[in-house]
Structures are given as C-alpha cells and as structure tokens.
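Enquirer: First the structure, which I've put down as structure tokens, then a few questions once you've had a look.
The values are calculated or read from the model by the stated rules, or taken from the named source; none is laboratory data. What you are looking at is a predicted structure, and each value in this text was computed from that prediction instead of being measured. So basically every Cβ, Gly included, is an ideal-geometry build from the backbone, and we count neighbours across all protein chains shown.
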Amino acid sequence: MNFRKYFLILLTFLPAASYAQKSSTGSYTFPKDKSSYYGELESGKPNGKGKTIFVNGDSYEGEYVKGMVYRLSGR
C-alpha cells in the first residue's frame, strides 16, 4: 500500500516539473542582422518584454514570443 501512495504522489508532481520553462533576463544577439536585445528570455531566446537596438540605431521596445516581435493584427 505504501508503494501505491508514493507512486500517486510522484505522478501528481511529475507533470508540473516537465512543463517548467527556463526563464531569465539577459541579452541576445539576433544572428541575421546582429541587432542587440535585452529583456526576458526563455530557453535562450527573446520571450516576454524587452528592447532591441538595431545596427542603424533604431530601437523597438515591446513584447516578444519565441524570438519574434509580437504584434496584434490590425495595429
């Protein structure tokens, strides 16, 4: 009976551990145009709020999803 109890407890917490994302804050250089990004990262790529400074000096500050700028259509 004890084995079953521990097995059920393990099954309860196992899914939560497998979905954990590696999130942090840091910098990233886009390989294509060498623009610099600073902000939230997930698995080493921009994800969340951050700022990109482009090589020509322009900048963008906003939301990123999986390494790409997130913009709502129609804006």
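Enquirer: Between residues in the range 42-61 that are more than 10 Å from T25 (Cα to Cα) and residues that are part of a strand (DSSP E or B) and β-branched (V, I, T), which pairs lie under 6 Å by C-beta distance while being six or more apart or on different chains?
Expert: Going by the 6 Å Cβ cut-off, the qualifying pairs are S59/I53; Y60/T52.
Enquirer: Okay, next question. Taking L14 as meeting all but one of (1) of a type in the set (A, V, I, L, M, F, W, C); (2) modelled with pLDDT under 65; (3) closer than 22 Å to G67 by Cα, write down the number of the exception.
Expert: Looking at each condition in turn, L14 falls short on (3).
Enquirer: Now for a separate question. Could you grab me the full set of residues in the range 29-41 that are farther than 10 Å from Y64 by Cα and either at pLDDT 95 or above or not aromatic (F, W, Y) (or both)?
Expert: Taking the range 29-41 as the starting set, the residues that turn out to be farther than 10 Å from Y64 by Cα are 29-38.
Within the range 29-41, T29, P31, K32, D33, K34, S35, S36, Y37, Y38 qualify.
Enquirer: When both residues are 6+ apart or on different chains and their Cβ atoms are under 6 Å apart, which pairs have a first residue that lies in the range 22-36 and is touching a residue at least 40 places away in the same chain (Cβ under 8 Å) and polar (S, T, N, Q), and a second that is part of a loop (DSSP other than H, G, I, E, B) and surrounded by 12 or more Cβ atoms within 10 Å (Cβ to Cβ)?
Expert: none
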